[in-house]
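Scroll down for the structure; my scribbles are underneath it.
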Amino acid sequence: MTAGQRARQLANLANGTTGLGLAIARAAGTAVSRGPRGLIIAAGYRWRLPFAGAFTMGNVVICRTEADHLTSNLALLGHEEKHCSQYAWCLGLPFLLFYFLAAGWSQVRTGNPASGNFFERQAGLEAGGYRETSKRQPAPGGAGGIEA
């Protein structure tokens with residue numbers, strides 16, 4: 001691991017999100033294994049929510065597939081790893097609030113929760129399996145094409 005990856009790992013342990021991720025993984029009956037670069041892979045997730053094929057909680061990457069499938073998809077694994085770093089930068093659980101606010105803003109602006117979501121864009125839309133849309137909502141109150 002690099003110094004930055006080790007710092008991320010320690011930050012997410014300290015802020016409690018990795019522990020929460022492991023608790024979710026255990027409750028969901030996933031197979032937990034060590035992944036590359038300080039990540040923990042929780043494979044075989046079957047709960048309905050969230051709808052994503054993979055998501056993170058601290059340094060835990062929780063996926064619906066087998067661990068080998070995730071670790072062989074370098075683009076997706078890199079995308080999820082960037083979310084792990086975002087947890088560390090946001091000091092843990094505040095990331096979830098910021099992420100959901102960004103997803104709501106994206107939904108309003110583009111019609112989907114990812115295209116305009118700062119966190120998904122920084123992690124790489126395409127790598128995460130998202131398509132960019134540029135749908136713009138009309139300005140409220142007929143403001144003559146000027147967006148508020």
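Taking only the alpha carbons of region 39-89, we obtain Rg and Dmax values of 10.1, 29 Å in that order. Based on DSSP loop calls and a cut-off of at most 14 other Cβ atoms within 10 Å, the longest stretch of the chain free of exposed trypsin sites (Lys or Arg not before Pro) is what? Longest stretch, sites excluded: 49-130. Ordered from largest to smallest accessible area (heavy atoms of protein chains, 1.4 Å probe), the residues 39, 76, 22, 97 come out as 97, 22, 76, 39. Between residue 1 and residue 72, the simple spin-label model (points 7 angstrom out along Cα→Cβ) gives 2.6 nm.
Take every DSSP beta bridge whose two residues both sit in the chain; close to 65 percent of them are antiparallel.
The values are calculated or read from the model by the stated rules, or taken from the named source; none is laboratory data. Please read these numbers as outputs of a predicted model, since none were measured by experiment. In this analysis, Cβ positions are derived from the backbone assuming ideal geometry, glycine residues included, and neighbour counts consider all displayed protein chains. Surface accessibility is based on the protein's heavy atoms, side chains included, excluding ligands, DNA and RNA. Shrake-Rupley method; radii C 1.70, N 1.55, O 1.52, S 1.80 Å.
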